[in-house]
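For reference, the structure discussed in these notes is given below.
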Amino acid sequence: MSAAESNGFSFISDSYYENFLESLAQIVSKLLTDQETEAVLTSIRSFQEKLRRLSSRNLQRLNLEITASEKERPSLCRHVGKTCTQNCTRGFIKAFGVAFIVKYIVGILPSLLTGKITKKPAILKQMAGSSFISAYKGVLCAMRHFRKSHDKDSDKLNAFVAGCVAGLALAFDRDRRRRQSVMLYLLTRAIQFNGAWFMKQWSLRRKEKHPGEIKWDDHLAKFLQKYSGVAVMMIANAQLIYAFLFNHDTLPNSFYAFLLTHGGFKKNFGRMAGPVTEMVGSTVNQILEDHSPIMIPEGVSTRDFYFRNVSPNIGSLIPSKLHHKYILCAVQHPFHESCTGDKLGLFTDELLRSAKLYVPLNIIMLIVFRSKQFMLDPKHVGQKFILSCFRSCLFLTMYVVIGLATPCWLRRLFNREAPWFYAATGAVAGSMIVIEASARHLELALYCLPRAMESLWKTGIKNGWVKNVPHGDILLFMASMGSLMTLYQNEKDTISSHYLGVMTRFFGQN
């Protein structure tokens, strides 16, 4: 109810006054002569026009006064058109709905195959994401109002605190393994985007230090930007391949199975693939501890060596005439006396395995993301598809072949065994990423980095170097989200366009 109605007056529209004046003019016209009538009508129209002008001016003045009062009281938050409460509520409902639908779709697909289509996603799993977003928005608004600040520099601390506090929402997920996976993924992204921020600040300082000139530090920055993905891939795989042979229990089961398959161990040894890879690490450690020779004694065939030291089942499959020079060569490739011959056969086998992996994957990507482009220009898109498949297959093939060939080369070069040979194996294998398209270098490296970090931490715990910190995954998640949200609020150009688009859809403008 309006103010006029509350005071006993009903609302009167503008058309009422226009009709009243028209009726008044008609009555007056019957009482006066034509000339008098015309004069009266002219006066009435003039009076009507004055009323309109006065009303228009009053409305404009009122609007200016309201606008001025709003400018005198600037908003501390940036969510235009919504209150802080509305902003938090919308964020919670939106994230919860999306997470619930996606989780249900993902969960119901395998259920359709088993006939259990009544599967329901757990509510707490969706609460983690939606609670994080609403908590972030709420804490950010609270920090701004508490500190009475909304400028960019002050907002860095506001966003960091809000991101850290909101990170506590990860505790809603009771699956420890999933919490660790989420934490490691976002930790690597925080490292990536903070690295981009560092490179941006370094670039600004270089321009201030020697504007318009290109010096050695500019060339260094260009080199780091170009080969950062290769460096991360080499470091990550140094840990992964070492763990594969010496501490396989620190690797995720799926990744360990992936290495067994593509390393050719499952094809050559079947169910004994795992014990054979364990034999590599244990044999190296035994040789170092006992100061044993690294060569198989003369007159002892590889078959006899396997019967005595590895597995009679595998030994029975090895031709009796084979004689490997080095013990570890016999363990790694027992069916080929020549290291080179074994790697040539491995190249062919792995190229086929890689094609089975990458071709279907690229077909799916083509259908989902490039179907329209393919319809418009099938020749060009088809050529890019074939080149992408070939490069990916060649990368994975060379990753395996060069990686497994490196220990053989180092063994012959130094004529001894050492654990660092196998870390170097991973680094050399990781360098094969240069075969892939440069745009994919960093993404592939960041796929391997979380697994390497997890494996290194578990190795440290296993060897007593470090101790588990209670709720350490939640603490690292809080720190990661604090830094990520600081960049999102204040340095969006340091976040890659794909991830920035996803974050903007969920977090919006705050």
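The values are calculated or read from the model by the stated rules, or taken from the named source; none is laboratory data. In this text the structure is predicted, and so the values were computed from the model without any measurement. Heads up, the Cβs are rebuilt from the backbone with ideal geometry, glycines too, and the neighbour counts pull from every protein chain shown. Areas reflect the complete protein model, heavy atoms only, side chains present, ligands, DNA and RNA absent. Shrake-Rupley method; radii C 1.70, N 1.55, O 1.52, S 1.80 Å.
Once the whole set of protein chains is in place, how much accessible area is left on Cys141, using a 1.4 Å probe, in Å² to the nearest 10?
Cys141 has an accessible surface of roughly 10 Å² with all protein chains in place.
Net charge near Glu350: determine it from the other residues with C-beta under 11 Å of the C-beta of Glu350, scoring Lys and Arg +1 and Asp and Glu -1.
+3
From largest accessible area down, sort Tyr227, Tyr399, Tyr136; use a 1.4 Å probe on the protein chains.
Largest accessible area first, the list is Tyr227, Tyr399, Tyr136.
Quick one: net charge of His471's neighbours, Cβ under 11 Å, K/R +1, D/E -1?
+1
Among rounded, prolate and oblate, which fits the range 380-510 when a ≥ b ≥ c are the square roots of the eigenvalues of its C-alpha gyration tensor, a/c under 1.5 means rounded, and a/b larger than b/c means prolate?
oblate
Just by accessible area at a 1.4 angstrom probe, what is the order of Glu289, Glu417, Glu278 from largest to smallest?
Glu289, Glu278, Glu417
Shape of the range 134-237 from its Cα gyration tensor (a ≥ b ≥ c, root eigenvalues): rounded if a/c is under 1.5, otherwise prolate when a/b > b/c, or oblate?
Cα axes put the range 134-237 in the oblate bin.
If Lys and Arg each add +1 and Asp and Glu each add -1, what is the summed charge of the other residues whose beta carbon sits under 14 Å from the beta carbon of Met272?
Computed value for this residue: +2.
Given the pairs Lys343/Lys379; Lys152/Lys492; Lys152/Lys226, which are separated by over 24 angstrom at their Cα positions?
Lys343/Lys379; Lys152/Lys226, as the Cα separations exceed 24 Å there.
At 1.4 Å probe size, with no ligands or nucleic acids counted, give the accessible surface of Val502 in Å², nearest ten.
70 Å²
As a test of reading the structure, rank His291, His219 by solvent-accessible area (1.4 Å probe, protein chains only), most first.
Ranking His291, His219 by accessible area, largest first, yields His291, His219.
Can you give me the solvent accessible area of Trp202 with a 1.4 Å probe, rounded to the nearest 10 Å²?
60 Å²
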